[in-house]
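Some notes on the structure that comes next.
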Amino acid sequence: MERFEKLFRESERIRPPAGMWESIAARAGMALKAGKVGKAGERGAPIARETGWGWKMAASLAVGIGVLSALLVVMKPAPEVADKAGGAEDFAVARAAVSPLPDEDDLYWHADLGEESGMDWVEEEDALLLDAAAADATDE
Amino acid sequence: MPMTDWFSPERKNLDRLRAGDLEGLKWIFETYSERLINQCYRILLSREQAEDVVQDLFVRLPDIVGEFRGESALGTWLYRVAHNMCLTRLQQAGNRRRLEEANLAADETAPRDAYETSDLLGKALAGLDPETRSLLWLKEGEGVPLKELSGIFKLPEGTLKSRLSRARDRVREFLEKEERVGKV
């Protein structure tokens, strides 16, 4: 036998001293009576659940399906919104009904009319005033 | 690494312990205490301290058993807990010693360590660091397989192999030296 192996094989092995268990039982027993036991699930999950891959897989699958369902509900438009959306033509009609924009030519006509008529009115009034002033001047 | 068997006495007694039954703790003590005390003895190189750590471990076991998740064998987990408790104790002792040394200003007559190196293996292991002592003892003294050691030390098997190889070389060198001076 090699010296190295012999060293380990023939080495001194110690045993727990007599009375060790009694001492542990006395100290641990008090803790147990006081309910200070690290129950499975307090800091770690129970062995059955921790070691069961089936449970883990089932839980992951359930969560995945839940998330997908929630996404589908959020992304799918409500029926009334979809009906209102319609095509581009409908949208144009609806926009015209809500806020009709005046025709550009109409605006031009209004602008011209206003400006010309306004100027005519000013010129006529000026002529009348000049005529009146002229009449007054001649009376004097 | 073997997982905890649902129908094993190990599982049954773990459940009893979790339910607050002292008999569950007794079964675990009777099954593992000898292996744990020898592991601690080889790490701490002190019988008294090894007994102290193992006693402390079993007193605290009802409180820490919730940490055990059954992903490894109970023995593997207990080896790891014992290993960590021993390293913590050595660290605390080292801190105390450094403090004392600072206060005593390097007294040459003061003992450098408190190791009880009565047997040859103890003397051989004293030349290694505590983690390597633990590793080498579990492999050579307890016959713990490499895969399980990987779970205890949280290191890849390859790393453990090279550490073990270096440790064996150191112990062989020690033995050769002892032989030369006629002690073996």
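In the set (1) in a helix (DSSP H, G or I); (2) surrounded by fewer than 16 Cβ atoms within 10 Å (Cβ to Cβ); (3) at pLDDT 95 or above, B:Gly94 fails one condition alone, (3).
Criterion first (surrounded by 12 or more Cβ atoms within 10 Å (Cβ to Cβ) and modelled with pLDDT of 95 or more) does B:Leu160 satisfy it? Judged against the criteria, B:Leu160 is a match.
Number of residues in the stretch B:37-65 that are within 9 Å of chain A (Cβ to nearest Cβ) and touching a residue at least 40 places away in the same chain (Cβ under 8 Å) equals 6. Annotation: of all residues in the stretch A:1-34 being more than 7 Å from chain B (Cβ to nearest Cβ) and modelled with pLDDT under 85, the one that is nearest to B:Lys177 (Cα to Cα) is A:Glu2.
Whether a residue is under 22 Å from B:Arg133 (Cβ atoms) and in contact with a Pro (Cβ under 6 Å, 6 or more places away or on another chain) was assessed, and B:Ser33 passes this test.
The values are calculated or read from the model by the stated rules, or taken from the named source; none is laboratory data. The model shown is predicted, which means the values in this text are computed figures rather than measured ones. Neighbour counts run over all protein chains shown; Cβ positions are idealised from the backbone, glycine included.
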